[in-house]
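The values are calculated or read from the model by the stated rules, or taken from the named source; none is laboratory data. Note that the structure is predicted; figures quoted are calculated from it, not measured. Positions of Cβ are generated from backbone atoms using ideal geometry, with glycine treated the same way; all protein chains shown enter the neighbour counts. Please note that ligands, DNA and RNA were not included when accessible areas were found on the heavy atoms of the full protein model with its side chains. Shrake-Rupley method; radii C 1.70, N 1.55, O 1.52, S 1.80 Å.
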Amino acid sequence: MRKKFLNRMNVMLGALSLSLAGCHSTKQAVSQDDPPAKKYGPPRLEVIEEKYGIPSDLQEEPMDSVPEPTPVKYGPPVVAEEPVKCLYGVPYPRE
Amino acid sequence: MKARLKIALWLERLRRKNLKELHPLRQLFWESTLRCNVHCLHCGSDCVSSVQTPDMPAEDFLKVIDTEVTPHVDPHNVLIIISGGEPLMRKDLADVGRALKKRGYPWGMVTNGLALTEARFRELRESGLRSITISCDGLEEDHVWLRQHPLAFEGASRAIRLCASEPRLTWDVVTCANQRNIDHLPAIRDMLWSMGVRDWRVFGIDPMGRAASNPELLLTDEQFRYLMDFIVSEREAGRHVSYSCEGYLGDYEGRVRDHLYQCAAGISVASILIDGSISACTSIRGKYYQGNIYKDSFWRVWEEEFKPYRDRQWMRESEPCKDCKAFAFCEGNGMHLRREDGSLMLCHLQRLGQK
């Protein structure tokens, strides 16, 4: 019960604090003012293997066995409506 | 400081207090290898290309996931981040990814991109890779200098283009600002945007690991303030550029990140390091380890230990936190900035001249 209450409180606190602080994501699909690529040219198409050969550490060897997973209790993934903030490491995945 | 921001910070403090009580595990780092195919000047992991510390067997990590973590969490709410060294050095990376995907865990990785060929990228995507961060530390010359590998920029560029071609992947680029590239930030931005980057995080380099003895890697206070102002202006121009999660930034709070400062280490972030040590973020080592998966129950440690992370009043015992009025919001800055003796390596407020 307390856990539920704290979670709900935190959702409200989080939204309120971000709103007051003016935090917002500036993520955009495409900016109209994207700088032109003229300085750096179009992306080069050659892949590194063509020039330098495939590095030896890319020889693939499958794992001998993968342990059977513990059954997932919670059903299929929930698609997040809003991206969760990235705290560290990598950005939170979103659909 | 504006009143609105101050109120926001007090609310965030209350939210953090609740979060410490709840300590929901939301991010789990796995330091899968210390092997690396580059030799970064600033590496905090002190990574080498030879195998001095063997990789943790994937079965050991997956056993912890199955027996210790999965019974207590909704896997869909726990992001597993595979880090290193360089995770691509592990030949079984896709197999581990598939195993995590089967178990319902979203997973991501941080990479220098050097070994990320198109084939490997497709394989990882099929294995459930949901999120990836590519390190790119500047224009070609500066990136190669920092990474100490002649092909480092080629690799990072290719990795970025692969990610940009994948519409359903969450990804971004991270740049470590240093003396060599700080004046090139606008040019780096232009270059990254021309490659398709739309999420860019810029870090400073902390005085730890190899960086501790290399002043060329560390920004001056003036350069750090310039970095803050650069990010502010980029965000005002509508580009998603952010500072890293570390450091309480005073008047810059709310302006350089999508969130207010918090150090989530040990509160919602844990890590399993190469030797089985249980920590928070992978850069938090030594006396701050909380246990070891080969001796302790990971979940018991997560639930009952991590006391220095969840009650940080002990940081008040030393300067500059002793009488600092900002401690209520800062709580002693990031845990990874604490030395073994508990003293603080770096106060961001001091850097910004706000203390």
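Some notes on this structure:
- Accessible area per residue for segment B:281-355, computed on protein heavy atoms with a 1.4 Å probe, is 47 Å².
- Carbon + sulfur, % of accessible area of segment B:303-355 - ligands and nucleic acids excluded, 1.4 Å: 46 percent
- Selection among B:H143, B:L162, B:L100 by position relative to the dipole of segment B:89-187 gives B:L100 as farthest towards the positive end (Cβ unit charges, Cα centre).
- For segment B:117-215, size of Cβ-based charge dipole, Lys and Arg +1, Asp and Glu -1, in debye: 300 debye
- Average accessible surface area per residue within segment B:30-135, 1.4 Å rolling probe, Å²: 30 Å²
- When the charge dipole of segment B:1-96 is built from unit charges on Cβ atoms (+1 for Lys and Arg, -1 for Asp and Glu) and taken about the Cα centre, the candidate among B:I82, B:T70, B:L11 whose Cα reaches farthest toward its positive end is B:L11.
- Computed over protein heavy atoms with a 1.4 Å probe, the carbon and sulfur contribution to the accessible area of segment B:165-288 reaches 48%.
- Averaged over peptide A:6-19, the number of partner chain Cβ atoms lying within 10 Å of each residue's Cβ comes to 5.
- When all alpha carbon pairs of chain B are counted in 10 Å bins from zero, the resulting P(r) reads 5, 24, 34, 28, 9, 0 %.
- Interface residues in segment B:124-172 - accessible area drops by 50 Å² or more relative to the isolated chain, probe 1.4 Å: B:R130, B:L151, B:E154, B:R158, B:R161, B:T170
- Residue among B:T282, B:T220, B:T175 with the largest mean-square fluctuation in a Gaussian network model of chain B, springs linking Cα atoms under 10 Å: B:T220
- The local environment of B:P308, defined by Cβ-Cβ distances under 11 Å, has a net charge of +3 under the rule Lys, Arg +1 and Asp, Glu -1.
- Measuring against 30 Å, Cα to Cα, the residue pairs B:K17/B:K91; B:K6/B:K322; B:K91/B:K287; B:K2/B:K307 contain B:K17/B:K91; B:K91/B:K287; B:K2/B:K307 as the ones spanning a longer distance.
- Looking at segment B:78-172, the pairs of alpha carbons with a distance over 19 Å make up 37% of the total.
- Within segment B:180-212, the residues that become at least 40 Å² less accessible when every protein chain is included than when their own chain is isolated (1.4 Å probe; DNA, RNA and ligands ignored) are B:D190, B:S194, B:R198, B:R201.
- Where B:L151, B:L219 fall by accessible area, highest first, once all protein chains stay in place (1.4 Å): B:L151, B:L219
- When the surface is traced with a 1.4 Å probe over the full set of protein chains, B:C36 keeps roughly 10 Å² accessible.
- Heavy atoms of B:F61 accessible to a 1.4 Å probe, total area in Å² rounded to 10: 0 Å²
- A/B buried area, accessible surface, summed, 1.4 Å probe, Å²: 6700 Å²
- Surface accessible to a 1.4 Å probe, B:C324 within the full protein complex, Å²: 20 Å²
- More than 25 Å apart - percent of Cα-Cα pairs taken over segment B:1-133: 39 percent
- Counting Lys and Arg as +1 and Asp and Glu as -1 over every other residue whose Cβ lies under 11 Å from the Cβ of B:L5, the net charge comes to +1.
- Average accessible surface for segment B:161-251: 34 Å² per residue, computed with a 1.4 Å probe over protein heavy atoms with every protein chain in place.
- Around B:Y288: net Lys/Arg minus Asp/Glu count, Cβ-Cβ under 9 Å: +2
- Placed amide H near B:V202: partners under 5 Å, 5+ positions off or other chain: B:T175, B:S242, B:Y243, B:S244
- Placed amide H near B:G247: partners under 5 Å, 5+ positions off or other chain: B:G334
- Couplings 3J(HN,Hα) for segment B:71-77, derived from phi with the Karplus relation 6.51 cos²θ - 1.76 cosθ + 1.60 (θ = phi - 60°), are x, 10, 9, 8, x, 5, 9 Hz, where x marks Gly and Pro.
- In a simple Cβ point-charge model (Lys, Arg +1; Asp, Glu -1; nothing else charged), chain B has a dipole of about 940 debye relative to its Cα centre.
- Computed from point charges on the beta carbon alone (+1 for Lys and Arg, -1 for Asp and Glu), the dipole magnitude for segment B:1-118 about its Cα centre is near 940 Debye.
- Highest average first, the peptides B:177-190, B:306-319, B:20-33 ordered by how many other beta carbon atoms sit within 10 Å of their residues are B:20-33, B:177-190, B:306-319.
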